[in-house]
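Here the structure is laid out as structure tokens; the discussion comes afterwards.
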Ligand code: HEM
């Protein structure tokens, strides 16, 4: 591959687009989904946006990965500290894993609780009347709180 001094513009654009989308997805999850009871009719609309956003994030990550493989990249930047330089790829790939786990648990929740059909199927369907869809939501699992309802 030829030597370049900057990342491809498409790669940079996808990077920042994904950064914004992932932060928005997290905010929608914590402040929208987790804060809205299933009995609230607005929750289905929030779920539609959240699920479509999550699937878009996954799709864009695949596109970004392909662009990354196909385009030339500049040499790795160095911090001047060998230990930090060694940690950098670990945190980078760790972040990929974290996003994939979030999306994976979201898919699992949606499939197990039948949310796909409720949110995107014929109108009129209602969410199960529990405070969270599985009784153990992602946020509660992450913060080790138990759902007693
Ligand atoms: C980068 C991707 C994603 C992020 C960062 C994310 C983040 C979140 C967060 C923070 C919550 C709230 C957790 C809580 O209840 O405390 C949540 C809930 C949820 N997410 Fe995602 N999510 C992602 C992708 C997805 C995808 C792809 C789907 C399904 C197609 C999905 C489906 C759901 C569902 C159904 C819930 C509700 C869980 C419940 O109330 O029990 N998510 N998500």
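Candidates are the residues of segment 89-113 that are more than 18 Å from the chain's Cα centre (by Cα) and within 10 Å of the ligand (Cβ to nearest atom); the one that is surrounded by the most Cβ atoms within 10 Å (Cβ to Cβ) is 113.
If you take the residues in segment 39-48 that are exposed (fewer than 15 other Cβ atoms within 10 Å of the Cβ) and in contact (Cβ under 8 Å) with a residue 24 or more places away in the chain, which one is farthest from the chain's Cα centre (by Cα)? Even if it seems obvious, please write down each step before you answer.
Our first condition is that a residue be exposed (fewer than 15 other Cβ atoms within 10 Å of the Cβ); within segment 39-48, this holds for 39-42, 45, 48.
Going one step further and asking which of them are in contact (Cβ under 8 Å) with a residue 24 or more places away in the chain, we end up with 39, 48.
Numbers: 39: 25, 48: 14 Å.
This residue is 39.
You will find that of 26, 17, 10, 70, the residue that is under 16 Å from residue 103 (Cα atoms) and either in contact with a helix residue (DSSP H, G or I) (Cβ under 9 Å, 6 or more places away or on another chain) or surrounded by fewer than 14 Cβ atoms within 10 Å (Cβ to Cβ) (or both) is 26 and no other.
The residues on offer are 64, 86, 68, and the sole one that is at pLDDT 90 or above, more than 10 Å from the ligand (Cβ to nearest atom) and over 25 Å from residue 8 (Cβ atoms) is 86.
Condition check for residue 36 on (1) free of Cβ contacts under 8 Å to residues at least 12 places away in the same chain; (2) away from the ligand (no atom under 13 Å from the Cβ): one failure, at (2). Checked against the criterion of being within 16 Å of residue 106 (Cβ to Cβ), more than 9 Å from the ligand (Cβ to nearest atom) and out of contact with any helix residue (DSSP H, G or I) (no Cβ under 7 Å at 6 or more places or on another chain), the candidates 59, 45 yield just one match: 59. Within segment 49-101, the residues that satisfy the criterion of being within 20 Å of residue 16 (Cβ to Cβ) and touching a residue at least 60 places away in the same chain (Cβ under 8 Å) are 71, 72, 73, 74, 99.
The values are calculated or read from the model by the stated rules, or taken from the named source; none is laboratory data. Note that this is a predicted model, so its numbers are computed, not measured. We place every Cβ from the backbone using ideal geometry, glycine too, and count neighbours over all the protein chains shown.
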